[in-house]
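The values are calculated or read from the model by the stated rules, or taken from the named source; none is laboratory data. Computed from a predicted structure; not experimentally measured. Here the Cβ positions follow ideal geometry from the backbone for every residue, glycine too, while neighbour counts run over all protein chains shown.
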Amino acid sequence: MSQPAPSPFVAALLDAPLPASGIGWLDAARRENLEAFAAAGLPDTRVETWKYTALRALAQRRFAAGDAQADARDVDLSAFALPGTDGPELVFVNGAFRADLSRLRDLPAGLSLQPLSLSLRQDAEPLRFALAGRYREAGDAFARLNAALAADGVVLRVAAGARIAQPVRLLFIGAPAEADLAWHARNVVELGEGAELALVEQHASSGEQGHLGTLVGDIVLREGAKLRHAVLQDAAEGGTLVRRNSLHLAARAQAAVHVLELGGALVRHELQAELGGDGSRLDMRGVFALRGRQHVDTQLAIRHQALGTASDSVWRGVADQRARGVFRGAIVVAAGADGSDASLANKNLLLSGQAEIDTKPELEIYADEVKAAHGATVGQLDERSLFYLRSRGIPQVQARSMLTSAFCRSVFDDLPDETLREHLFAMLSRRLPA
Amino acid sequence: MLKIENLHARVEGKEILKGLSLTVNPGEVHAIMGPNGAGKSTLGNVLAGRDGYEVTAGSVSFDGVDLLALEPEERAAAGVFLAFQYPVEIPGVNNTYFLRAALNTQRKQRGEPELDSMQFLRLVREKLKVMRISDELLHRAVNEGFSGGEKKRNEIFQMAVLEPKLAILDETDSGLDIDALKQVAQGVNAQRSPQRAFLMITHYQRLLDYIEPDFVHVLADGRIVESGDKTLALKLEEQGYAWVAEHGEPAGAKA
């Protein structure tokens, strides 16, 4: 049986040398993940989780490995300022850690925050569980790639019982370079028992470029820990960004996730959550607002594994012009997760006849006394509302914008951080047709 | 001010207005009455510019301008206001924000300076008093969770803030109990002026006990078949709309 020649995408990435850590288990994991990636290549649309996201065009592109000049890229951080977050932050430019732009001095007690590259040099052993994994699913191509090639990222730990008052920001900036680059970030986040943290993950761009970024984050919440995680994605118009955040919640842990997806040409966002401890709770809110020829794919996979767990997910999508949105929300209530409560709602708005949104809620229940609700809709702006606004003198374009904005904003109404909420609204307003 | 001549209009391919003529002058209050299906609400919607209402013949001029050539927002800026029979709930759009945007875009279209938030607030406070609306309603989303009476009062409140030249009240009395009806009527009466005209579309005479019209017209089968003063409404109340059907040829508006 002859192997087909690897696509230009795969061939270009295989050309680059693996990052060498000198750590046996890590180098082995990297090598094996790369081999698995090389053997399987990119998934096609026959793989269920990639059904609506075709990678044929991506497979024909070549990305250079990393940015040798990342340290010298001129980046104006004020363009990405988030009001209210002047706490600790880690900044990456084209995947490379930038100490000069980061704020890591005077960390509050109980918070440990450093780049992965430094953690690996100092003491790699605690990272073994997170980084020694092999990805075996057909849809795991980018996770394999990330596991093989990510030389840096974030290691964040909050000590048991510590409540970190200031939000911690992780900022990933794409900067113009001589060629389109591939960069990879690997984040490991752990909140100890009863610890509390607000985390802002921000993806931004300092100019037009067509880089590929991959991010894999493992986020572990020990018993009773509380995490607020906000994701603001405003990557370059031509960018490709594939992210996977996996959350593990122990007993009584609580996570609230708010996601705003605005940028990128091709974006894939996988949010996997395992409610592994009794009474753990997950609330997720997300909005994607797309235009041009953007393709943004959001994949939620939530597993209820323990007694009395709860998840509540609300997602809204808007697609204008020829944009394409994909949403899949899969919930599994496993045997033994009795008394769990799972709800998921996804509403979408098409602003043009050429836009498309595919949505697929999935629910599998193997436990008893479960409350579950899920639903998804795709529709257009309500003509009656539009006429009502216009009949009061509001021009059509502005009326459409008001209704679209209202449709999206309601999702973030429960965001407790008012400054962040207003900032999300402002980003959204700039993005929506005005 | 408003001159409707031989207006024909279709909805979904069906002819609803079949040669309606009506003249309204500043300061006048006209009541349009008629049985269900006569075309009353179609008239309001055609004047406000709703999609799906196709004018096949006739003309409407408003202050000398061809009203039918204007977009709904331009009609509003020109001074036409429609109080909806079924005001729409718009979750996520704050009532105050909406009303200020409406007033300022109208002012902008007319070349008048926009009001800043302090000026707007002062105006709103003054109008609230007249309408006896609690300012709690202002902080909610447009009509969201409002009772039937609150929705209708909110329409009249919007009218008070926007100060149109011509207000069309489409079945504003429907679904109101007597107290709510009185409040709405009081709000309307407070806004009567020599410069402002009203077109009240209603099925029942009841509203006219509280808002006294200068003229009453009977609309039947897409035309005005009878016009008179307020006593015509009483006659209708006594004899019912069947009387209209037996009552000879369609008449033009005599106003």
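Yes or no: residue A:120 more than 30 Å from residue A:49 (Cβ to Cβ) and part of a helix (DSSP H, G or I)?
Details: more than 30 Å from residue A:49 (Cβ to Cβ): yes; part of a helix (DSSP H, G or I): yes.
Yes: the conditions hold for residue A:120.
Confirm whether residue B:57 is outside any helix (DSSP H, G or I), at pLDDT 95 or above and farther than 21 Å from residue B:165 by Cβ.
Details: outside any helix (DSSP H, G or I): yes; at pLDDT 95 or above: yes; farther than 21 Å from residue B:165 by Cβ: yes.
Spelling it out, residue B:57 is indeed outside any helix (DSSP H, G or I), at pLDDT 95 or above and farther than 21 Å from residue B:165 by Cβ.
Suppose we keep only residues that are out of contact with any Ser or Thr (no Cβ under 7 Å at 6 or more places or on another chain) and facing chain A (nearest Cβ under 9 Å) within segment B:78-93. Which one would you say is farthest from residue B:141 (Cα to Cα)?
Applying the first criterion (out of contact with any Ser or Thr (no Cβ under 7 Å at 6 or more places or on another chain)) to segment B:78-93 yields B:78-81, B:84, B:86-87, B:89, B:93.
From the residues that got through so far, the ones that are facing chain A (nearest Cβ under 9 Å) too are B:80-81, B:84, B:86-87, B:89, B:93.
Details: B:80: 24, B:81: 21, B:84: 17, B:86: 16, B:87: 13, B:89: 8, B:93: 5 Å.
Going through the qualifying residues, I end up with B:80.
If I ask for residues that are in contact with a strand residue (DSSP E or B) (Cβ under 8 Å, 6 or more places away or on another chain), under 17 Å from residue A:290 (Cβ atoms) and either away from every other protein chain (no Cβ under 14 Å) or part of a helix (DSSP H, G or I) (or both), which ones from segment A:345-375 would you list? Steps first, please.
Taking segment A:345-375 as the starting set, the residues that turn out to be in contact with a strand residue (DSSP E or B) (Cβ under 8 Å, 6 or more places away or on another chain) are A:345-352, A:355-367, A:370-375.
Right, trim to under 17 Å from residue A:290 (Cβ atoms) and you get A:346-352, A:355-359.
Those that are in contact with a strand residue (DSSP E or B) (Cβ under 8 Å, 6 or more places away or on another chain), under 17 Å from residue A:290 (Cβ atoms) and either away from every other protein chain (no Cβ under 14 Å) or part of a helix (DSSP H, G or I) (or both): A:346, A:348, A:350, A:351, A:352, A:355, A:356, A:357, A:358, A:359.
Go through segment A:245-311 and tell me which strands (runs of 3 or more DSSP E), entirely inside it, have 2 or more residues that are of a type outside the set (A, V, I, L, M) and closer than 16 Å to residue A:222 by Cα. Break it down into steps so the answer makes sense when it comes.
Values: elements: A:254-261, A:266-275, A:281-290, A:295-304.
Where strands (runs of 3 or more DSSP E) fall fully within segment A:245-311, none carries at least 2 residues being of a type outside the set (A, V, I, L, M) and closer than 16 Å to residue A:222 by Cα.
Scan segment B:21-38 residue by residue and report those that are aliphatic (A, V, I, L, M) and touching an Asp or Glu at 6+ places or on another chain (Cβ under 7 Å). First the steps, then the outcome.
Within segment B:21-38, the subset aliphatic (A, V, I, L, M) is B:22, B:24, B:29, B:31-33, B:38.
Correct list: B:29, B:38.
Mind checking which residues of segment A:397-422 are assigned to a helix (DSSP H, G or I) and touching a strand residue (DSSP E or B) at 6+ places or on another chain (Cβ under 8 Å)? It would help to see each step written out before you state the result.
Kept after step one, since they are assigned to a helix (DSSP H, G or I), are these residues of segment A:397-422: A:397-412, A:418-422.
A:402, A:403, A:404, A:405, A:406, A:407, A:408, A:409, A:410, A:411, A:412, A:420 - these are the residues of segment A:397-422 that are assigned to a helix (DSSP H, G or I) and touching a strand residue (DSSP E or B) at 6+ places or on another chain (Cβ under 8 Å).
Quick one: residue A:394 ticks every box in (1) β-branched (Val, Ile, Thr); (2) assigned to a loop (DSSP other than H, G, I, E, B); (3) assigned by TED's automatic domain parsing to the domain that holds residue A:167 except a single one, so which number is it?
Only one criterion is unmet by residue A:394, namely (3).
Do we have residue A:331 as touching a residue at least 24 places away in the same chain (Cβ under 8 Å), away from chain B (no Cβ under 14 Å) and surrounded by fewer than 21 Cβ atoms within 10 Å (Cβ to Cβ) here? Before the answer, list the steps.
Values: touching a residue at least 24 places away in the same chain (Cβ under 8 Å): yes; away from chain B (no Cβ under 14 Å): yes; surrounded by fewer than 21 Cβ atoms within 10 Å (Cβ to Cβ): no.
No; evaluated as a whole, the condition is false for this residue.
Which of the residues belonging to segment B:48-77 are in contact with a strand residue (DSSP E or B) (Cβ under 6 Å, 6 or more places away or on another chain) and within 14 Å of chain A (Cβ to nearest Cβ)? Explain how you work it out, then say what you get.
Kept after step one, since they are in contact with a strand residue (DSSP E or B) (Cβ under 6 Å, 6 or more places away or on another chain), are these residues of segment B:48-77: B:48, B:53-62, B:67-68.
Of everything in segment B:48-77, those that are in contact with a strand residue (DSSP E or B) (Cβ under 6 Å, 6 or more places away or on another chain) and within 14 Å of chain A (Cβ to nearest Cβ) turn out to be B:48, B:53, B:67.
If residue A:387 passes every condition in (1) within 14 Å of chain B (Cβ to nearest Cβ); (2) under 21 Å from the mean Cα position of the chain (by Cα) but one, which one does it miss?
It is condition (2) that residue A:387 fails.
Looking at segment B:173-208, which of its residues are polar (S, T, N, Q) and either at positive phi or assigned to a helix (DSSP H, G or I) (or both)? Show your work before the answer.
Within segment B:173-208, the first condition is being polar (S, T, N, Q), and the residues that meet it are B:174, B:183, B:186, B:189, B:191, B:193, B:195, B:202, B:205.
Answer for segment B:173-208, where residues must be polar (S, T, N, Q) and either at positive phi or assigned to a helix (DSSP H, G or I) (or both): B:183, B:186, B:189.
Select from segment B:152-207 the residues that are among the β-branched types (Val, Ile, Thr) and more than 14 Å from chain A (Cβ to nearest Cβ) and list them in ascending order. Don't jump to the end; show me each part of the working.
In the first step, residues of segment B:152-207 are kept if they are among the β-branched types (Val, Ile, Thr); the result is B:156, B:161, B:168, B:172, B:178, B:184, B:188, B:201-202.
Within segment B:152-207, B:172, B:178, B:184, B:188, B:201, B:202 meet the criteria.
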